[in-house]
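To keep things clear, I will list the structure first and then write my remarks on it.
The values are calculated or read from the model by the stated rules, or taken from the named source; none is laboratory data. Because the structure is a prediction, the values reported are computed rather than measured. As a convention, Cβ positions derive from the backbone with ideal geometry for all residues, glycine included, and neighbour counts pool all protein chains shown. Side chains are part of the model used for accessible areas, which takes the heavy atoms of the whole protein and leaves out ligands, DNA and RNA. Shrake-Rupley method; radii C 1.70, N 1.55, O 1.52, S 1.80 Å.
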Amino acid sequence: MALDPQAEALLKDLKDSGAQPFETMTPAEARVAVLGSKDLGGEPEDVDGVDQRFIPGPTADLPVWIYRPVRGGARPLPGLIYFHGSGWVVANIGVCDSFSRSLANRTGCVVVAVNYQKAPEHKFPVPLDDCYAATRWVFDNASALGLDRGRIGVIGDSAGGNLAAAVTLQARDENGPQLAYQVLIYPAVQYGWDTPSALANAEGFLLQRASMEYFWNHYVRNPRDGMNPYCSPLVAEDHSGLPPALIVSAEFDPLCDDGRNYADKLAAAGVSVKFRLYKGMIHGFLRMAGVLDQSKALLDEIGREVKSALG
């Protein structure tokens, strides 16, 4: 299928504006550049409330923003713990505010967005340790947060999808929080940048093959980390016993095969999984509801699937 016309127009606008690929920038420069992407999320929706606080992490206090949906209904409510996309290097929960608001309203869940520490200052496993600690905190404080401990899931996009998948593995292996669902949007689940989709979509679609090499090399301490299943969830020896999943890939994305391959792994292990390929779409489209109709469609699909899974 051809590139979606709205995505094509967005890529042209970015090129005309002089936007540079991530791999040409320092982490500090890339972080500044990503701040400009906030407007792509569109006008922030009203929610019932946003509680901004710090929670204890293994090596630092972690900012979390807790979103309560409009018309949330009687407590306890279901919950989603959100790990944002970042390449493990850029972005923050403020950049993702519009998405987090829409996510709460579409799903009827309390959304806990976690600002984990970033590479290269904090390499693997620090971001994962932060996300796992935040997950445990949500479960430990479920009553105070008005959550039903039996209806809590995780959601992440890109590097956040990697972290969400890894959290489910660690929770299973350590008899930790009993997560009820996982939503992985174009997740980076295998170390490397040589899959067929990475080669086919190497340049020109916002996230580039060289961008993934850049991000991965900032995240791992050495290539051996890339073979750790908590770093590359696809290489885990056992994928059974994980929460049911919705996994989404974008057609024109170097990470397209990551999502498809992980869905196949989960299905082969007996995990209930729904895989969706969004035709004509590019990496990052989840948080572009202000300019892409398919972003809105994905938000609606996530809402339906999460409501079906968590009630």
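Return the pair list, or none, for Cβ contacts closer than 8 Å from residues in segment 7-36 that are more than 19 Å from Phe285 (Cα to Cα) to residues that are polar (S, T, N, Q) and not in a loop (DSSP other than H, G, I, E, B), at least 6 apart or on different chains.
Correct list of pairs: Glu23/Ser211.
Scan segment 83-96 and tell me whether some residue there is among the hydroxyl-bearing types (Ser, Thr, Tyr), touching a helix residue (DSSP H, G or I) at 6+ places or on another chain (Cβ under 9 Å), touching a residue at least 40 places away in the same chain (Cβ under 8 Å) and outside any loop (DSSP other than H, G, I, E, B). Before you say what the answer is, go through the steps one by one.
Taking segment 83-96 as the starting set, the residues that turn out to be among the hydroxyl-bearing types (Ser, Thr, Tyr) are 86.
Filter once more, keeping what is touching a helix residue (DSSP H, G or I) at 6+ places or on another chain (Cβ under 9 Å): 86.
If we keep only those that are touching a residue at least 40 places away in the same chain (Cβ under 8 Å) as well, we get 86.
Okay, now just the ones that are also outside any loop (DSSP other than H, G, I, E, B), so none.
Within segment 83-96, none of the residues are among the hydroxyl-bearing types (Ser, Thr, Tyr), touching a helix residue (DSSP H, G or I) at 6+ places or on another chain (Cβ under 9 Å), touching a residue at least 40 places away in the same chain (Cβ under 8 Å) and outside any loop (DSSP other than H, G, I, E, B).
Look through His218, His239 and report the one residue that is in a loop (DSSP other than H, G, I, E, B) and either open to solvent by less than 30 Å² (accessible area, probe 1.4 Å) or out of contact with any Lys or Arg (no Cβ under 6 Å at 6 or more places or on another chain) (or both). Outline the logic, then answer.
Numbers: His218 fails: in a loop (DSSP other than H, G, I, E, B).
Selected residue: His239, the only one of His218, His239 that is in a loop (DSSP other than H, G, I, E, B) and either open to solvent by less than 30 Å² (accessible area, probe 1.4 Å) or out of contact with any Lys or Arg (no Cβ under 6 Å at 6 or more places or on another chain) (or both).
Quick one: how many residues across segment 45-62 are assigned to a strand (DSSP E or B), among the hydrophobic types (A, V, I, L, M, F, W, C) and surrounded by fewer than 16 Cβ atoms within 10 Å (Cβ to Cβ)? Working first, answer last.
If we filter segment 45-62 for residues that are assigned to a strand (DSSP E or B), which is where we start, we get 49-56, 61-62.
If we keep only those that are among the hydrophobic types (A, V, I, L, M, F, W, C) too, we end up with 50, 54-55, 62.
Retained after the next criterion (residues that are surrounded by fewer than 16 Cβ atoms within 10 Å (Cβ to Cβ)): 54.
Summing the residues that are assigned to a strand (DSSP E or B), among the hydrophobic types (A, V, I, L, M, F, W, C) and surrounded by fewer than 16 Cβ atoms within 10 Å (Cβ to Cβ) in segment 45-62 gives 1.
Could you tell me which of the residues Ala188, Ala180 is crowded, with 24+ Cβ neighbours inside 10 Å, within 19 Å of the chain's Cα centre (by Cα) and at pLDDT 95 or above? Steps first, please.
Working: Ala180 fails: crowded, with 24+ Cβ neighbours inside 10 Å.
Answer to the check: Ala188.
Would it be correct to say that Ala104 is within 30 Å of Tyr191 (Cβ to Cβ) and either open to solvent by 10 Å² or more (accessible area, probe 1.4 Å) or of a type outside the set (Val, Ile, Thr) (or both)? Don't jump to the end; show me each part of the working.
Details: within 30 Å of Tyr191 (Cβ to Cβ): no; either open to solvent by 10 Å² or more (accessible area, probe 1.4 Å) or of a type outside the set (Val, Ile, Thr) (or both): yes.
No: the conditions fail for Ala104.
What pairs come out if I take residues in segment 40-62 that are more than 23 Å from Gly108 (Cβ to Cβ) and pair them with residues that are of a type in the set (Ser, Thr, Tyr) whose C-beta lies under 9 Å away, six or more apart or interchain?
Listed pairs, sorted by first residue: Leu40/Ser98; Leu40/Ser295; Gly57/Tyr116; Pro58/Tyr132; Leu62/Tyr116.
What pairs can you find where one residue is in segment 123-152 and assigned to a helix (DSSP H, G or I), the other is acidic (Asp, Glu) and modelled with pLDDT of 95 or more, and their Cβ atoms are less than 8 Å apart, with a gap of 6+ or different chains?
If the second residue must be acidic (Asp, Glu) and modelled with pLDDT of 95 or more, the pairs left are Ala142/Asp148.
Whether any residue in segment 14-36 is of a type in the set (Asp, Glu), in contact with a Ser or Thr (Cβ under 6 Å, 6 or more places away or on another chain), surrounded by 12 or more Cβ atoms within 10 Å (Cβ to Cβ) and assigned to a helix (DSSP H, G or I) is what I want to check.
yes
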